[in-house]
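The values are calculated or read from the model by the stated rules, or taken from the named source; none is laboratory data. Given the structure is predicted, the values throughout are model-derived calculations rather than measurements. Cβ placement follows ideal geometry from the backbone for every residue including glycine, while neighbour counts extend to all protein chains displayed. All accessible areas refer to the heavy atoms of the entire protein, side chains included, with ligands and DNA or RNA removed. Shrake-Rupley method; radii C 1.70, N 1.55, O 1.52, S 1.80 Å.
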Amino acid sequence: MMRKVLVLFEFAISILLIICSLIIYSQRQYAMKMDVGYDKDHILLLHGMNRKGVAERQQLLQDEVKKLPGIVASTYLKRLPATDRVFELGFNPRGEEQDVPMERVHFNMIDEGFLETFSMDVIAGRYFQPKTYGLDRAVDYPEMQKDPSKRVANIVINQAASEKLGFGNVPQAAVSKQLDYFIGDLKVKGTIIGVVENINYRTIRQEVQPDFYLFVDDGMYLVVRNVALPHEDAAILSGR
């Protein structure tokens, strides 16, 4: 009897392990194949762009990187997309003169190459065009401290942020609306110029968060996209 019980117990444990393995495999396949809103392949992240000797020549570095075979796009980021650092944003989508509660939302500081590098699409309005529109500019905190008239800037939001602001499934309705956001103790009046696709940078257990995008012209990280980057060029970029 004891032998039969032990054999049945071993079979039960084996079946349980097989089931667990299948569940883990299916979850891994799901995580690998799920649509996260951007193309994760062929992206290389370069650190240390704010180091002395590099920060002053970021544009030159980016121009040289673009000349490498296979490089199709590049962008500077102030922080990694999955950062938990946030600005406090107060918003008023109806444009009424009234106090509204402050909200904590995720933000990203990006430049002109962000959309192409991450293969994102604009679904309403437009993206940053600093050479064409004066308010598509980098936020200059010292300048804004000195001159209150400079505390205005255009911003881009994602679809989740559009829904959070009360525009539901009509992202076009968010375009041209204004909201206030804060950099330290400075209140900046932002105008929404575009709505982009949702991107899930974080764990798949989390829902896509509302993201607000501010324009910058430099960064701490350089992100490049390539299409079959040759081995020797990949070694150059990675510093090997």
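Listed highest first by mean packing, meaning other Cβ atoms within 10 Å per residue, what order do 124-135, 158-169 come in?
Details: 124-135: 14.6, 158-169: 19.6.
My ranking of the peptides, most packed first, is 158-169, 124-135.
Could you give each residue of the stretch 48-59 its phi-based ³J(HN,Hα) in whole Hz, using Karplus coefficients 6.51, -1.76, 1.60 with θ = phi - 60°, and x for Gly or Pro?
x, 6, 9, 6, 4, x, 9, 4, 6, 10, 5, 5
Averaged per residue, what accessible surface does the stretch 104-233 expose to a 1.4 Å probe, in Å²? Can you show the working numbers first?
Working: 6090 Å² over 130 residues.
Accessible area per residue: 47 Å².
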